[in-house]
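The values are calculated or read from the model by the stated rules, or taken from the named source; none is laboratory data. Fair warning: this is a prediction, and the values are worked out from it, not measured in the lab. Note: ideal-geometry Cβ built from the backbone for every residue, glycine included; neighbour counts use all protein chains shown. SASA here: full protein model, heavy atoms, side chains in, ligands and nucleic acids out. Shrake-Rupley method; radii C 1.70, N 1.55, O 1.52, S 1.80 Å.
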Protein chains: 2
Amino acid sequence: MNSEANAPTPIEPMRRETQAERFERIYKVIRERISVLEYGPGTVLNEGLLSEEFDVSRTPIRSVLQRLNYEGLVTTRNGVGTIVTEVDVKTFKDIYALRMRLAEDMSVLSPVAPSPQMLNEFHRLREKVRKLREGPPDHKAYARLCNAVHEQQLELTENKVLAEINDLLYYRAARVWLAFLPNIEWDEVLEILENEIADTTRALELGDMHGVGNVRRQNLFIILKTIGRFLVGV
Amino acid sequence: MNSEANAPTPIEPMRRETQAERFERIYKVIRERISVLEYGPGTVLNEGLLSEEFDVSRTPIRSVLQRLNYEGLVTTRNGVGTIVTEVDVKTFKDIYALRMRLAEDMSVLSPVAPSPQMLNEFHRLREKVRKLREGPPDHKAYARLCNAVHEQQLELTENKVLAEINDLLYYRAARVWLAFLPNIEWDEVLEILENEIADTTRALELGDMHGVGNVRRQNLFIILKTIGRFLVGV
DNA sequence: TTGAGGTAAGCCGCATGCAGCATCGGAACC
DNA sequence: GGTTCCGATGCTGCATGCGGCTTACCTCAA
């Protein structure tokens with residue numbers, strides 16, 4: 001078939017996927033499904049079905065689910081299945097309070113100088129939000145966009161450990177916000193997001209990393225307050 | 001044998017250990033061994049040997065090792081074994097910088113009012129340090145004491161998520177300090193620890209939670225600086 | 001003596017069979 | 001009709017055999 005010179009693929013000539021790479025791939029797929037509420041809280045994940053879908057045995061699937069378990073996204077119950085967690089109000093508040101602090105820390109501890117590529121990426125994300133505003137509500141697309149913004153924000157610190165923890169906390173509680181979207185005006189939701197991106201970009205262009213942290217912090221606060229409006233009775 | 005009234009064990013009448021409990025037990029044993037340098041950096045852990053020691057198959061041992069892997073305490077390499085990680089200098093600094101911030105956060109976010117039991121516990125710990133100062137250097141006992149102090153400090157916040165993260169970061173990097181102990185005067189090491197406990201107790205008695213955070217922060221700074229003395233050449 | 005190549009042993013990653021647990025529905029009894 | 005018990009079903013947890021990877025040692029040749 002192939003080989004025999006010709007060099008059709010200069011780099012990565014048919015390299016098979018590593019174990020670790022496959023694990024990471026499956027992990028991220030399932031995590032995203034949880035984060036965009038494709039697997040909503042209470043959903044029961046079946047090891048057998050997942051192993052069929054990803055064409056591996058139950059063993060590696062179990063590894064992935066165990067990791068998601070440690071990260072608080074699912075809980076596994078013997079004889080039943082692996083269940084996507086509900087985030088209780090107290091935990092949600094704890095996480096957001098902490099994320100607000102960490103947003104400041106990020107700009108204090110080891111901020112990175114904003115690169116042109118990064119600015120470009122933020123502009124691109126803002127454009128995507130604008131596109132989304134024109135169409136009808138699409139919560140999944142919105143969620144994916146939030147994930148992408150989050151991904152970029154992780155790049156703003158050189159402190160890898162801090163970035164890791166931010167990542168953990170984001171995926172652990174961000175989906176609560178998604179669950180509240182139906183109660184909120186669609187355009188308002190997107191305006192909040194676009195504002196955050198715009199403000200962040202502005203601060204980045206000025207090299208004002210402290211400002212970037214404040215924007216993030218303020219945004220988390222807005223989300224916390226907005227959700228709080230619906231929790232007064234609880 | 002038993003049963004037939006008599007009630008020899010009023011509570012927990014011969015209840016077998018749950019899966020989760022066994023997992024937690026094995027996990028904590030291995031984590032402690034790593035944290036007190038019984039398994040020093042570079043040590044190769046063998047799934048087969050561990051499964052013999054704990055009298056289970058390789059499967060649950062693998063679960064525990066995978067968790068330790070996610071937490072950054074070990075890395076598993078195919079065909080070789082599970083290796084206790086070395087903490088590189090940069091990561092160490094990142095973690096301590098973060099822990100210093102979190103020490104403040106702990107007293108700001110959700111401090112708990114100090115209870116008499118807690119004060120008692122701190123007094124007890126201080127007594128233990130005094131005992132340790134009288135004897136010859138015993139790094140393992142010192143390490144266990146540090147773990148115990150850490151455990152108590154986790155009780156100082158009601159923010160469970162914050163406590164979790166503190167725990168993760170502590171076990172991930174605290175053993176670096178232990179590795180430097182041979183370079184430092186034994187009595188100085190214990191004095192630092194006793195001072196921290198004493199200062200913390202004093203602040204707790206005054207209900208000054210902010211002070212507690214500052215004491216913790218200052219102590220982390222001392223450790224960071226002390227280690228820094230030996231890293232100038234690196 | 002030194003270097004390289006090959007071989008053998010040991011370990012982890014995966015697949016799979018089996019046992020224990022949880023749940024649901026039907027049947028039997030009150 | 002309502003309730004309780006029990007059996008069937010399906011799922012996760014565990015044990016284990018096998019394949020692939022890594023490494024160390026031994027051999028042989030330069």
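Key figures for this structure:
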quantity	calculated
Listed pairs B:Lys90/B:Lys128; A:Lys225/B:Lys160; A:Lys28/A:Lys140 exceeding 25 Å between Cα atoms	B:Lys90/B:Lys128
Choice from B:Val80, B:Val44, B:Val112 with maximal GNM fluctuation in chain B (Cα, 10 Å cutoff)	B:Val80
Helix-only mean residue ellipticity at 222 nm for the protein assembly as shown, each DSSP H run of n ≥ 4 adding -39500 (n - 2.57), per residue, nearest 500	-22000 deg cm²/dmol
Accessible surface buried once B binds A (1.4 Å probe; total of both sides; Å²)	2300
Space enclosed by the convex hull of the alpha-carbon atoms of the protein assembly as shown, per residue, Å³	242
Cα coordinate range in segment B:117-181, projected on the principal axes (Å, largest first)	38, 30, 11
7 Å along Cα→Cβ, label-point gaps from B:Gly42 to other copies, nm, shortest first	5.5
FRET efficiency, A:Lys225 to B:Glu188 (Cβ-Cβ, R0 60 Å, nearest 0.05)	0.75
Ascending list, in nanometres, of distances separating the B:Ser57 label from those of the other copies (7 Å, Cα toward Cβ)	1.0
Lys/Arg +1, Asp/Glu -1 at C-beta; the protein assembly as shown dipole; positive extreme among B:Leu181, A:Ile61, A:Leu125	A:Ile61
Descending Cα extents along the principal axes, segment A:118-234, whole Å	40, 32, 21
Percentage relative contact order, segment B:19-84, counting C-alpha pairs under 8 Å, at least six apart	38
Candidates B:Leu193, B:Leu109, B:Leu37, ranked by Gaussian network fluctuation over chain B, Cα under 10 Å, top entry	B:Leu109
Compactness of segment B:19-84 - radius of gyration and Dmax, Cα, Å	10.8, 30
Accessible area in square angstrom per residue, segment B:19-84, 1.4 angstrom probe	50
Coordinate range along principal axes, alpha carbons of chain B, Å, largest first	55, 52, 39
Inter-copy label distances at A:Asp138 (7 Å, Cα→Cβ; nm, one decimal)	6.6
Using a Förster distance of 30 Å, the FRET efficiency for A:Glu86-B:Gln117 (Cβ separation, nearest 0.05)	0.40
Residue of B:Asn120, B:Asn147, B:Asn166 that the Gaussian network model of chain B assigns the largest fluctuation, springs spanning Cα pairs under 10 Å	B:Asn120
Residues in segment B:93-133 occluded by at least 50 Å² - accessible area, probe radius 1.4 Å, against chain by itself	B:Asp94, B:Leu98, B:Arg101, B:Asp105, B:Leu109
Within the accessible area of segment B:77-234 (1.4 Å probe), percent carbon and sulfur	51
